[in-house]
Amino acid sequence: MESNISDKTKWGLAAVSIPIMIWTIIPILWIVATSLKSDAALADPSKNMFGNFWPKSPSLDNYRLILTGGASELFNPALLNSIIICLVATFIAVLLATFCAYAISRLDFPGKRLILTTALAVSFFPVIAMVTPLFNLWRQIGLFDTKIGLIIPYLSLTVPLSIWTLSAFFQQIPWEMEQAAQVDGATSWQAFRKVIAPLAAPGVFTTAIIAFFTAWNDFVFAVNLTSSNNARTVPAALAFFTGASQFTQPTGAICAAAVIVTIPVVILVLLFQRRIVAGLTSGAVKG
Amino acid sequence: MSSIELKNIVKKYGDGFPAVNDVSLDIADGEFMILVGPSGCGKSTLLRMVVGLEDITSGDLLINGKRVNDLAPRDRNLSMVFQNYALYPHLTVFENIAFPLRLAKGKHSDDEIRSKVNDAANMLELKDHLERKPANLSGGQRQRVAMGRAIVRDAEAFLFDEPLSNLDAKLRGQMRTEIARMQRRLGVTTIYVTHDQTEAMTLGDRVAVLKKGVLQQVASPRELYEQPVNLFVAGFIGSPPMNFLPARVDGSTLKLPFCEVPVGGPLAEKLRGLDIVIVGLRPEYIKDASVADVPNGVHFSAVVDQTEWLGNEQYAYIPYEADHAVQSKLDELDRDLDGEGMRTQMIVNLDSRSRILEGDEAQFAFDPAMMHVFNPETGENLTRDDEKAAQIARDSEQQRKAALERARAREAQGADRSAGDRSAADGSAADGEARAS
Ligand SMILES: Nc1ncnc2c1ncn2[C@@H]1O[C@H](COP(=O)(O)OP(=O)(O)O)[C@@H](O)[C@H]1O
Ligand SMILES: [Mg+2]
């Protein structure tokens, strides 16, 4: 593949991608820089260099504040909640979507189109419109401020998304692969488990990561369907941070928290980067 | 080992068009059966019905006399090589071949699996590649892995769906002999699908010719070649293909574009009532009269438009004007045979000693006994000799049985010897290799 790309195209792509990278990386660097500023530096540009960008004497005070200091009662349980809720939601979503997408891409059944379009329509539905009815319903049936009460709405976000991504992946796997397994003596389930699932693994990882981020980044559900440390996730908890005094904004602490919640995302992507690269199916057919 | 019987098999896909129409076929135990026909004629569909990947619309499929229409593929115990191999890309070559064995839970111990896979790999010369992934293999190696996966277990029959069509010409020739040798050695019933008439002629004990889902003729390669039942079979079998010339019937003479042929006997009977027929002449039956002597031959002269010299033989092309009355029939035949709608020309397969040059007017001769005459309406071969055909069929069946016996005896002998004396067995295996190559 790479060898097909001429040098000219390569430079062209680089020229386009560098501005995009700068565009996306500057806000992140800014957050990192802000999280390293002390309260004094936040208020006084002369304590910073590069025009108020980077603190002359970076401090880890903000991190201390949220991990062990005053804000830790708020932040640490929220971090734990975020991890549990998002992992569970991702796991269920990917599991359900795998079976669903497999059926959609392999079987010819009435209503196939309908399922796909419904899934798409659901993901277009504005989140804010669902929150109020859910808030009332959850209070009635006792799901308000529970982890399950957040997992369920997250599933409604992540399942449709996962179905779409995964059915695209399944459609790329040659059907003959599965037929060969059946001829070799496999049941449908064995063919799925031993041949299709391993081939779909890169797709499943990609989908899982997308689903995880979707849940991880949610603010609207988290802030409205929780009221305590029971289930409050990090994005919601950030809103409840307070400054050192009534008159200081908790900007530094919020930035430090934002940096911390970005770390798992970065780790995930680095870890699964190789698995995400498709092309595992090459060599299955004549090539 | 087993016999396979197809009884009035029909396959209709969703649109109601019969992709396979009323096909009946008996495949004997240990027989190598070829399904051949132009692409789209329903060969793959038929094979996939046998293996169980496609439902049978109507008719019965019997394996060893037992009806298996409703059995799932895994319960039919047939193994199949797919056209594009369908190897498992996430498994090594070893695991690919071992896959069917591992699925038969509890049937084979790990040691057994290892020895069976190694045997298959040895036979297919894959020993050095067992730990590699399919993506890193060449086309020919992938093809052999697919075959290894098929032969590793004791399947009732092997099914091949155009296994060589993705290989280049040289490799195809090698693999063809390899498959023939392997089938004889294992003596397993085999159904082999191809659109290539060379593969059909060289591999099969018997060949079934299909056209648009309808079975045309099932016979040994020699019978197909010498006694085709109709225009389609005659045109499909043979390379370069049979020449089809329009001929007017005038009493007891046939008027061909270049010459007149007197006819007598039963053929004259059959020609009564027909104005026009199609005469089929294989390129090699037309001789250069100056170097070959054809007793009782019909002689004619024609202008050669083009010659091709290939060393061991040469082809001469002689254009002619076709009769309008049969042109549409010939065009239709051409389309059925996946032809290119080329202009009408006669091909002559000349002796390589022949010194005919392009543009020459040359003398040719052919033996009218070698000529086929077809009814232009029905395509039926009027010169087919059923008695001779039956004789050829008997001979081929005898040859097949003898070859199978020989192969089995050799196998038994090899097994005996390898039990007693390893080195002797190795020697005989090496013999076999040398003879085949
Ligand atoms: N899944 C299918 N649905 C509908 N028609 C099909 C399907 N598979 C094959 N056909 C049709 O059946 C006919 C025979 O196809 P096939 O068996 O693949 O031919 P071959 O293998 O001889 O080239 C073709 O006309 C093809 O269009
Ligand atoms: Mg086919």
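Where a number appears in this text, it was derived from the coordinates with a stated rule and is not lab data. Because the structure is a prediction, the values reported are computed rather than measured. Neighbour counts run over all protein chains shown; Cβ positions are idealised from the backbone, glycine included.
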- B:E125 label point, 7 Å along Cα→Cβ, cut-off 18 Å on backbone N: hits in segment B:181-208? B:181-185
- chain B: longest stretch without exposed trypsin sites (Lys or Arg not before Pro) (DSSP loop, at most 15 other Cβ within 10 Å), sites themselves excluded? B:108-271
- How many times 2.2 N^0.38 Å is the alpha carbon radius of gyration of chain B? 1.12
- Add -39500 (n - 2.57) for each DSSP H run of 4 or more in the protein assembly as shown, then divide by its residues: what number comes out at 222 nm, to the nearest 500 deg cm²/dmol? -16000 deg cm²/dmol
- Message: Translational diffusion coefficient of segment B:4-226 at 37 °C, 0.692 mPa s, Stokes-Einstein with Kirkwood Rh over Cα pairs, in µm²/s as a whole number.
- Response: 183
- Query: At a Förster radius of 41 Å, what calculated FRET efficiency corresponds to the Cβ-Cβ distance of B:E361 and B:Q399, to the nearest 0.05?
  - Reply: 0.40
- Span per principal axis, largest first, for the Cα atoms of segment B:247-291 (Å): 38, 20, 16
- For B:Q391, put the label point 7 Å out on the Cα→Cβ axis and report which residues of segment B:356-374 keep their amide N under 20 Å from it. B:367-373
- If you take the C-alpha gyration tensor of segment B:124-236, multiply each eigenvalue by 5 and take the square root, what semi-axes do you get, largest first, in whole Å? 30, 15, 12
- The correct pair for segment A:1-59, radius of gyration to one decimal and Dmax as a whole number, both in Å and from Cα atoms, is 18.2, 55
- Task: Of the listed pairs B:K7/B:K43; B:K211/B:K401; B:K255/B:K287; B:K11/B:K212, which have alpha-carbon separations greater than 22 Å here?
- Result: B:K211/B:K401
- Note on the structure: Expressed as a percent, the portion of alpha-carbon pairs in segment B:260-396 spaced more than 20 Å apart is 56
- Query: Quick one, what does Rg over Rh come out to for segment B:196-257 if you take C-alpha atoms and the Kirkwood Rh?
  - Reply: 1.08
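Suppose R0 equals 51 Å; then what is the FRET efficiency for A:T242 and A:D7 from their Cβ-Cβ distance, rounded to the nearest 0.05?
The value I calculate is 0.35.
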- Query: Per q in 0.14, 0.27, 0.28 1/Å, what log10 I(q)/I(0) does a Debye calculation on the alpha-carbon atoms of segment B:9-77 return?
  - Reply: -0.42, -1.44, -1.49
- Message: Let me spell out the model: positive unit charges on the Cβ of Lys and Arg, negative unit charges on the Cβ of Asp and Glu, origin at the Cα centre of chain A. What dipole size does that give, in debye rounded to 20?
- Response: 200
- All alpha-carbon distances of chain A, grouped into 5 Å bins from 0, give the whole-percent distribution 1, 5, 9, 11, 13, 13, 12, 11, 9, 7, 4, 3, 1, 1, 0, 0
- Query: Say we join alpha carbon atoms closer than 10 Å with springs in a Gaussian network model of chain B; which of B:D70, B:D110, B:D15 then has the biggest fluctuation?
  - Reply: B:D15
- Reachable lysines, given that their alpha-carbon falls under 22 Å from the alpha-carbon of A:K194 and they are not under 8 places away in the same chain: A:K286, B:K105, B:K107, B:K116, B:K133
- Task: Enter the Cα centre distance for the pair segment B:139-171 and segment B:326-387, rounded to the nearest angstrom.
- Result: 36
- Query: With each pseudo-label sitting 7 Å past Cα toward Cβ, what's the B:E332-B:N136 distance in nm, one decimal?
  - Reply: 5.7
- Item | Charge tally in the Cβ shell below 15 Å around A:K47, where Lys, Arg are +1 and Asp, Glu are -1, A:K47 excluded | -1
- Query: Over chain B, what relative contact order in percent results from Cα pairs under 8 Å that are six or more residues apart?
  - Reply: 15
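When the Cα atoms of the protein assembly as shown are enclosed in a convex hull and the volume is divided per residue, what value in Å³ results?
Working: hull volume 186.5 nm³, N = 724.
Considering the Cα atoms of the protein assembly as shown, their hull volume per residue is 258 Å³.
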- Task: Relative to the longest principal axis of the C-alpha atoms of chain A, give the angle of the C-alpha long axis of helix A:147-172, reported between 0 and 90° and rounded to the nearest 10°.
- Result: 40
- Say each of B:A169 and B:D110 gets a label point 7 Å from the Cα, pointing the same way as Cα to Cβ; how far apart are those two points in nm? 4.9
- On a 0 to 90° scale, report how tilted helix A:127-141 is relative to the longest principal axis of chain A, with both axes built from alpha carbons and the result rounded to the nearest 10. 90
- Query: Restricting attention to segment A:40-124, which trypsin sites (Lys or Arg not before Pro) occupy a DSSP loop and are surrounded by at most 12 other Cβ atoms within 10 Å?
  - Reply: A:K56
- Item | For a label point 7 Å along the Cα-to-beta-carbon line of B:S239, residues of segment B:154-185 with backbone N under 20 Å | B:160-181
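Determine the shielding of peptide B:85-95 by partner chains: average, over its residues, the number of Cβ atoms on other chains within 10 angstrom of each Cβ.
Going residue by residue through B:85-95 and averaging, the value is 6.
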